[in-house]
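> Right, I'll just put the structure down here and ask away after.
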Amino acid sequence: MKRISKCFLALFLILSMCLSTYKTVEVSSKANMIITQTSDKLLGNFIGSAYNIFYGREADSDGFRYWYNMLSTGKVSARTFIEKFVLESKEFLDSVKLKEEFISKIYRFIFGRDTDKQGKQYWLDYIDGRILYYYRSEYPSTYKNSEILILRWNINDSPKVISDVMNKLIFSDEFAVRISLMNIKLDKNNVNIPVNRTDALSIYNLLENDIKLVDYTDEIEKRKQEALRLEQDLINRVGSSRLKNKILTYLGDMVNNVAVSFYDVTTKESFDINGDVLFKAGSTHKVPLNIVLYDLVQSGKINLNSKVEYVHSQHYEGGSGVLQGYLVGEYLPPQTFAELSKRSLLNSDNIAANMLITGINQVTSLYREYGKILEEPLNRTGNLFSTNEMRKFLLKLYENKDNNPYYKNIIQYLKDSSTGVRMGRYIPEGIVANKYGSFQGNYHDIGIVFGDRPFILVIYTKDLSNAEKVIADISKIVYER
């Protein structure tokens, strides 16, 4: 009886152990199933978000199932998946045009969130640095880094850079953890891929699509126009450089005896040769003198019908002009500002210019007004100017941003006084508004040439026996550019 009881007790213990083992296996199996289903769902959302973020659409069933099966079985890694989706996808590259857009998309996909301001700036700087690393050598040394970055505005222009960004993000610790939760390969590392994974179609039916599209159309067009403008500007800059070299070749050994400043009012290209060297400006100073005069007239500080008294010891000067012929002894009747302006430009009258200087200085400081136009103090006397300074005066006259109605008088007087000896020798009559000048045998000419390709040209010379021909030849080279 005791033996039977012991047998029943042993059988009971064995059965109890079996039941206990069964329950443990069952619980463990359910836990593994839950874990596997969770990782499968995470993987499904991972694939679905790639379609949403990179392509701006829901995943198609065939495409989803293909990538799900490839990733879930370890046949491809997360890195390969991303490379195929981004670097080798025309659909992605055609839809993403801006660095900011790329950063936003890739960051949201890799980390499941948007970048903060500081993070976005870090990646923008990183991308810019890689662009310059790979592509700086493709551009001339005269191009600024900022200009190259604008020209590389399209993400399609920088595939190597995109690859660098992808690799840097893919191998971040945060992304590695995210990939591990899906039980898939990050790159080529060994991962224990679960054998029994949820059916791809079941996961596809559980997808929660979250498509958030931002319209970058206006910004893309803005960047495109900026790049096109810069590209044209750089082309013009090269053209300007060629023009300057052509003039330097022409000048040869004369280069130290000539200063040239050029500005194309259409393309904004410019150059100078000895442009900051000061010369005795001769009668060319009469142009900025009249610009100041008419600025004061427009502001109501001078009336053109007001008169300036002639003081022989102060105003008399021989040379060009007609007023010296009207002198009776040392007497000349008072002259209106309007008449003095006309004589100083149309006849290059020295007496008229001297009287204008007096009349202006009674209202304000002439050289202070010059400094305002040039945007720098002009603490000098003696009629000294550089060609670059004269170019600024002429540009103010041409652009006439303040709509001064009297500026047309200056331009007309300059056109009417053109002799066709220097700047206008080889340029069609009627489109040249220039003011010649000379001082002790040194010849100058400054002017605006209108026509189809208007430009500003200032040429000063010293100690040249053939100065007028040199001025004419340089003007011809520029006109025929």
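> Set the bar at 30 Å for Cα to Cα. Now go through 105/268; 415/469; 246/415; 90/188; 144/476 and name every pair that lies beyond it.
Too far apart for the 30 Å limit: 105/268; 144/476.
> Under the rule of at least 5 residues apart or a separate chain, name every residue whose amide H is placed under 5 Å from the amide H of residue 317.
Distant-sequence amide H within range of residue 317: 351.
> Can you compute the radius of gyration and Dmax for segment 268-399, using only the Cα atoms, both in Å?
Every Cα atom of segment 268-399 included, Rg and Dmax give 15.2, 52 Å.
> Taking the Cα centre of segment 30-206 as origin, work out the dipole magnitude from +1 charges on Lys and Arg Cβ and -1 charges on Asp and Glu Cβ, in debye rounded to 20.
320
> Taking the Cβ of each residue in 445, 199 as the centre, tally the other Cβ atoms inside 10 Å and list the residues starting with the fewest.
Ordered by Cβ neighbours within 10 Å, fewest first: 199, 445.
> I've got another one for you. Could you pull out every one of the lysines with an alpha carbon less than 23 Å from that of residue 307, ignoring same-chain neighbours closer than 8 positions?
Candidates past the 8-residue exclusion: 286, 342, 408.
> Quick one: Karplus J couplings for segment 322-334, per residue in order, coefficients 6.51, -1.76, 1.60, θ = phi - 60°, nearest Hz, x for Gly and Pro?
Karplus-based 3J(HN,Hα) across segment 322-334 equals 10, 5, 4, x, 8, 5, 10, x, 10, 10, 9, x, x Hz.
> In addition: Taking all pairs of different Cα atoms in segment 293-336, averaging 1/r and flipping that mean, what Kirkwood radius in angstroms comes out?
12.0
> Could you give the length gained on full extension between residue 429 and residue 317, defined as 0.36 nm per residue of separation minus the Cα-Cα distance, in nm?
Taking residue 429 through residue 317 to full extension adds about 37.2 nm, to one decimal.
> When you count, for each residue, the other Cβ atoms within 10 Å and take the mean per peptide, how do 125-138, 253-266 rank with the highest first?
Sorting 125-138, 253-266 by mean packing, highest first, produces 253-266, 125-138.
> Hey, another quick one. In cubic angstrom, how much convex hull volume per residue do the alpha carbon atoms of segment 54-202 span?
122
> Once you treat every alpha carbon in segment 115-183 as an equal point and sum by Debye, what is log10 I(q)/I(0) at q = 0.12, 0.24 Å⁻¹?
Results for segment 115-183 at q = 0.12, 0.24 Å⁻¹ read -0.41, -1.08.
> Counting just the Cα atoms, what span does segment 238-479 cover along each of its three principal axes? Round to the nearest Å and put the largest first.
Projected onto the principal axes, the Cα atoms of segment 238-479 cover 52, 38, 36 Å.
> Estimate the FRET efficiency between residue 226 and residue 180 by the formula 1/(1 + (r/R0)^6), using the beta-carbon distance for r and 45 Å for R0, to the nearest 0.05.
Working from the Cβ atoms, E equals 0.55.
> In addition: Between residue 253 and residue 91, what length in nm is gained on full extension when 0.36 nm per residue of separation is reduced by their alpha carbon distance?
Gain on extension, residue 253 to residue 91, equals 52.3 nm.
> What whole number of Å gives the distance from the Cα centroid of segment 223-299 to the Cα centroid of segment 96-113?
45
> Kindly provide log₁₀ I(q)/I(0) values, in the same order as q = 0.06, 0.08, 0.09 Å⁻¹, from the Debye equation applied to equal alpha-carbon scatterers of the chain.
Treating every Cα as an identical point scatterer, log10 I(q)/I(0) equals -0.53, -0.70, -0.77.
> Continuing with this model, one more query. Give the peptides 373-379, 295-301, 102-108 in descending order of average Cβ contacts within 10 Å, highest first.
So the order, starting with the most tightly packed, is 102-108, 295-301, 373-379.
> Convex hull volume of the Cα atoms in segment 148-207, per residue, in Å³?
Measuring per residue, one finds 147 Å³ for the Cα hull of segment 148-207.
> Please give the calculated 222 nm ellipticity per residue for the chain, where each DSSP H segment of at least 4 residues contributes -39500 (n - 2.57) and the sum is spread over every residue; nearest 500 deg cm²/dmol?
Roughly -17500 deg cm²/dmol at 222 nm, from the helical runs in the chain.
> Given the Cα-Cα distance of residue 362 and residue 245 and 0.36 nm per residue of separation, how much length would full extension add, in nm?
Residue separation times 0.36 nm, minus the Cα-Cα distance, leaves 37.6 nm.
> At each listed q (0.22 Å⁻¹), what is the log10 of I(q)/I(0) that the Debye formula gives for segment 347-445 modelled as equal alpha-carbon point scatterers?
Listed by q, the Debye log ratios stand at -1.59.
> Please list, in order along segment 177-187, the HN-Hα scalar couplings obtained from phi with the Karplus expression 6.51 cos²θ - 1.76 cosθ + 1.60 (θ = phi - 60°), rounded to whole Hz, x for Gly and Pro.
5, 4, 5, 5, 5, 9, 6, 10, 6, 7, 9
No value in this document is a laboratory result; all are computed from the given coordinates. A quick note: this is a predicted structure, and the numbers were derived from the prediction, not measured. Backbone-built Cβ (ideal geometry, glycine too); neighbour counts: all protein chains shown.
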